[in-house]
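Below is one structure, written out as structure tokens; comments come after it.
The values are calculated or read from the model by the stated rules, or taken from the named source; none is laboratory data. In this text, all values refer to a predicted model and were calculated from it rather than measured experimentally. Methodologically, a virtual Cβ is constructed for each residue, glycine included, from the backbone with ideal geometry; neighbour enumeration extends over all protein chains shown. Surface accessibility is based on the protein's heavy atoms, side chains included, excluding ligands, DNA and RNA. Shrake-Rupley method; radii C 1.70, N 1.55, O 1.52, S 1.80 Å.
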Amino acid sequence: AVGKLSITFGSENKIAKIESAVDEIYKHKDSLIEDEKGKALFTKYDTELKPIMGEVIGVAEGEFTHERSEKGSNTLLGAWAAEVQRQLGKADIAIQNGGGLRRTLAAGNITVGDLYEIMPFDNYLVVFDLPGSEIKKAIDHGIMNPNITDGQFAGLKVEYDGTKPFESRVTSIALADGTPLDMDKTYKVVVNDFMFTGGDKYDFSKATNVVETYVPIRDALIDEIKAAKTITPKAPDYIKDISK
């Protein structure tokens, strides 16, 4: 989509009127005239990148769905990506912003290009210690968030009440082994640098012992697929809406 502003000037060059409009190009893409120079430039880079982006790195035994409009749940892709990050960061808990994953991973061969489309951002892992109370806040922030795609996580079991107000929904939170999260104890957490610096309005200001790994998350996911050769989607059973 392209935003347009039409500014009308009156006497003495003073602004008389400003009109705004949005041209949703995807709705009339068939009416666009192909630009030959643009097409040639695309073809050049597409040809150069195909051997890299087209490399098959593994196989997905099933579809790793990531429906970004779905609220109050972790997706198959989100659960897998968060767990990979948790293990790589040697952390108790991993939190991934849902919007950092852009589409579903289809079943079948997985290419490098798929991972660039799924995670086009050059985010890296940040590991730190965080009190249980702040972890609960972060998880609550990602559940049924009205402004962003729901947060994804690994290493926790969470129950929430979807009828409660935003950021006040978590009713029970425990580690993966069922041990209740101690609000006063610190745990090792891993997130991406976008989130750590306040992206999607996450707040990790109470973090201590911060280690910026500079390990690119996309590369980590690619390495995990190469090592595993085959990955299988596993439905997350660790988040539940008790109001349903």
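Overview of values
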{"quantity": "Residue within the range 115-127 that is among the acidic types (Asp, Glu) and open to solvent by 30 Å² or more (accessible area, probe 1.4 Å) present", "calculated": "yes"}
{"quantity": "Filter pass, Gly178 being at pLDDT 95 or above, touching a strand residue (DSSP E or B) at 6+ places or on another chain (Cβ under 9 Å), of a type outside the set (Phe, Trp, Tyr) and exposed (fewer than 14 other Cβ atoms within 10 Å of the Cβ)", "calculated": "yes"}
{"quantity": "Residue among Ala94, Ala1, Ala82 that alone is within 30 Å of Ala138 (Cβ to Cβ) and in contact with a helix residue (DSSP H, G or I) (Cβ under 9 Å, 6 or more places away or on another chain)", "calculated": "Ala94"}
{"quantity": "Count - residues of the range 86-110 that are surrounded by fewer than 19 Cβ atoms within 10 Å (Cβ to Cβ), assigned to a strand (DSSP E or B) and not small (Gly, Ala, Ser)", "calculated": "1"}
{"quantity": "Scan of the range 160-170 for residues that are within 15 Å of Ile135 (Cβ to Cβ) and either in a strand (DSSP E or B) or open to solvent by less than 80 Å² (accessible area, probe 1.4 Å) (or both), ordered by number", "calculated": "Tyr160, Arg169, Val170"}
{"quantity": "Condition met for Tyr160 (modelled with pLDDT of 95 or more and over 21 Å from Gln87 (Cα atoms))", "calculated": "yes"}
{"quantity": "Residue ID - nearest to Thr75 (Cα to Cα), chosen from residues in the range 205-234 that are of a type outside the set (D, E, K, R) and surrounded by fewer than 11 Cβ atoms within 10 Å (Cβ to Cβ)", "calculated": "Thr230"}
{"quantity": "Qualifying residue in the range 206-217 (condition: part of a strand (DSSP E or B), at positive phi and either in contact with a strand residue (DSSP E or B) (Cβ under 7 Å, 6 or more places away or on another chain) or at pLDDT 95 or above (or both))", "calculated": "yes"}
{"quantity": "Pairs, first at positive phi in the range 154-174, second of a type in the set (D, E, K, R) and crowded, with 16+ Cβ neighbours inside 10 Å, C-beta under 7 Å, six or more apart", "calculated": "Gly155/Arg86; Gly155/Asp92; Glu167/Asp140"}
{"quantity": "When residues of the range 136-150 are limited to those that are in contact (Cβ under 8 Å) with a residue 40 or more places away in the chain and open to solvent by 10 Å² or more (accessible area, probe 1.4 Å), the one farthest from Val189 (Cα to Cα)", "calculated": "Asn147"}
{"quantity": "Selection within the range 5-47 - under 30 Å from Tyr116 (Cα atoms), touching a strand residue (DSSP E or B) at 6+ places or on another chain (Cβ under 8 Å) and surrounded by 10 or more Cβ atoms within 10 Å (Cβ to Cβ)", "calculated": "Asp23, Ile25"}
{"quantity": "Test: residue in the range 187-204 that is in a strand (DSSP E or B), free of Cβ contacts under 8 Å to residues at least 60 places away in the same chain and open to solvent by 70 Å² or more (accessible area, probe 1.4 Å)", "calculated": "no"}
{"quantity": "When residues of the range 58-78 are limited to those that are outside any loop (DSSP other than H, G, I, E, B) and either of a type in the set (Asp, Glu) or open to solvent by less than 10 Å² (accessible area, probe 1.4 Å) (or both), the one farthest from Ala154 (Cα to Cα)", "calculated": "Gly58"}
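Listed here are the residues, each with its yes/no results for (1) modelled with pLDDT of 95 or more; (2) within 24 Å of the chain's Cα centre (by Cα); (3) of a type in the set (Asp, Glu).
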position: Lys14; (1), (2), (3): no, no, no
position: Ser20; (1), (2), (3): yes, no, no
position: Ile25; (1), (2), (3): no, no, no
position: Lys37; (1), (2), (3): yes, no, no
position: Ala40; (1), (2), (3): yes, no, no
position: Met53; (1), (2), (3): yes, yes, no
position: Glu61; (1), (2), (3): yes, yes, yes
position: Arg68; (1), (2), (3): no, yes, no
